[in-house]
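Some notes on the structure that comes next.
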């Protein structure tokens, strides 16, 4: 095709596109392009939904998920609930290239990353601390718990399961500022 | 979240995702981004796709895998993306989500589901026609 090569990515993350495109133009592989493109977003904390210092969980911690796939071989490397490592897409690439597994998660994924030479560091920033503080001040809203007490729509935890379950419609908390 | 697809001049495809997920999630929660076929999928004999949005919903439908398989069956990228979104919409009419699709000839498309404060989805494209990142959009 006359239009190839091609880089396309979700959301208006221009620098990530440019980084991936630069790799292809310099003769790099499509895997290198995807890795560098996503890594650029991780460094720049694209719209707060990528990389360190964004989307703190109920404990205020930022955790990262990433995945990379080779369309020639359908080899895949992925990490989920990765803690203390900024370069999540790099760790995903390492899972693909240095293990026969597909997905590593949590503390074990972080330990794997450290063993592969990735630097462990705090993913918290002043911004993520502020987001977390505001959430606590706002009675922990929005909240993803259901069928627990105290009522998660008005109260913070800790939560216990409620004896009677109700089938409520999902609240749809995801939006342009908080998404996968 | 970023989801990305790259194709070289010979049609080799790769895809990837990176995210910090939903804000205020229950600790341990993982969305669709690191799940193969959900957050992204690629097959150099068909194309690639990457999804974004509410991963708790989207991961239940493997939209990226579906879109790639539809392109393999001959659907153009925009139609493949729309169908992948429609499948989710059947069960979750107001879910928040979008998907990008590209086939091995360099054609691409996107689709999204209209939700509160989300009526248009923006994405970026670089190819040999543009040689610089171009902002594209699709109405949900």
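Residues in the range B:34-51 that are within 20 Å of residue B:73 (Cβ to Cβ), within 7 Å of chain A (Cβ to nearest Cβ) and buried (at least 24 other Cβ atoms within 10 Å of the Cβ): B:40, B:41, B:42, B:48, B:50. Checking each residue in the range A:71-95 for being under 16 Å from residue B:38 (Cα atoms) and surrounded by fewer than 23 Cβ atoms within 10 Å (Cβ to Cβ) picks out A:74, A:75. Confirm whether residue B:61 is in contact (Cβ under 8 Å) with a residue 24 or more places away in the chain, assigned to a loop (DSSP other than H, G, I, E, B) and under 17 Å from residue B:138 (Cα atoms). In short, no. With respect to (1) in contact (Cβ under 8 Å) with a residue 24 or more places away in the chain; (2) buried (at least 19 other Cβ atoms within 10 Å of the Cβ); (3) out of contact with any strand residue (DSSP E or B) (no Cβ under 7 Å at 6 or more places or on another chain), the lone exception for residue A:44 is condition (2). Evaluate the following for residue A:30: is it more than 7 Å from chain B (Cβ to nearest Cβ), surrounded by 17 or more Cβ atoms within 10 Å (Cβ to Cβ) and either touching a residue at least 40 places away in the same chain (Cβ under 8 Å) or over 18 Å from residue B:34 (Cα atoms) (or both)? So residue A:30 does not fit the description; no.
Residues that are more than 7 Å from chain B (Cβ to nearest Cβ) and farther than 17 Å from residue A:119 by Cα are absent from the range A:78-90 altogether. Would you mind stating whether residue B:21 is in a loop (DSSP other than H, G, I, E, B), surrounded by fewer than 24 Cβ atoms within 10 Å (Cβ to Cβ), on the phi > 0 side of the Ramachandran plot and within 7 Å of chain A (Cβ to nearest Cβ)? No, not satisfied.
With respect to residue A:123, is the statement that it is more than 7 Å from chain B (Cβ to nearest Cβ), surrounded by fewer than 24 Cβ atoms within 10 Å (Cβ to Cβ) and farther than 20 Å from residue B:50 by Cα true? Yes; evaluated as a whole, the condition is true for this residue. Evaluated against (1) touching a strand residue (DSSP E or B) at 6+ places or on another chain (Cβ under 9 Å); (2) within 17 Å of residue A:176 (Cα to Cα), residue B:56 falls short on exactly one condition, (1).
Under 24 Å from residue A:20 (Cα atoms) and surrounded by 20 or more Cβ atoms within 10 Å (Cβ to Cβ): is that true of residue B:84 in this structure? The answer is no for residue B:84.
When we screen B:102, B:84, B:67, B:98 for residues that are within 13 Å of another protein chain (Cβ to nearest Cβ), at pLDDT 95 or above, in contact with a strand residue (DSSP E or B) (Cβ under 7 Å, 6 or more places away or on another chain) and part of a helix (DSSP H, G or I), the only hit is B:67. Just one of the listed residues (A:71, A:60, A:51, A:37) is at the interface with another protein chain (Cβ under 7 Å from one of its Cβ atoms), touching a residue at least 12 places away in the same chain (Cβ under 8 Å) and farther than 17 Å from residue B:49 by Cβ, namely A:51.
The values are calculated or read from the model by the stated rules, or taken from the named source; none is laboratory data. As the structure is a prediction and not an experimental result, all values here were calculated from the model. Because the Cβ atoms are built from the backbone with ideal geometry, glycine has one as well, and the counts that use them run over all protein chains shown.
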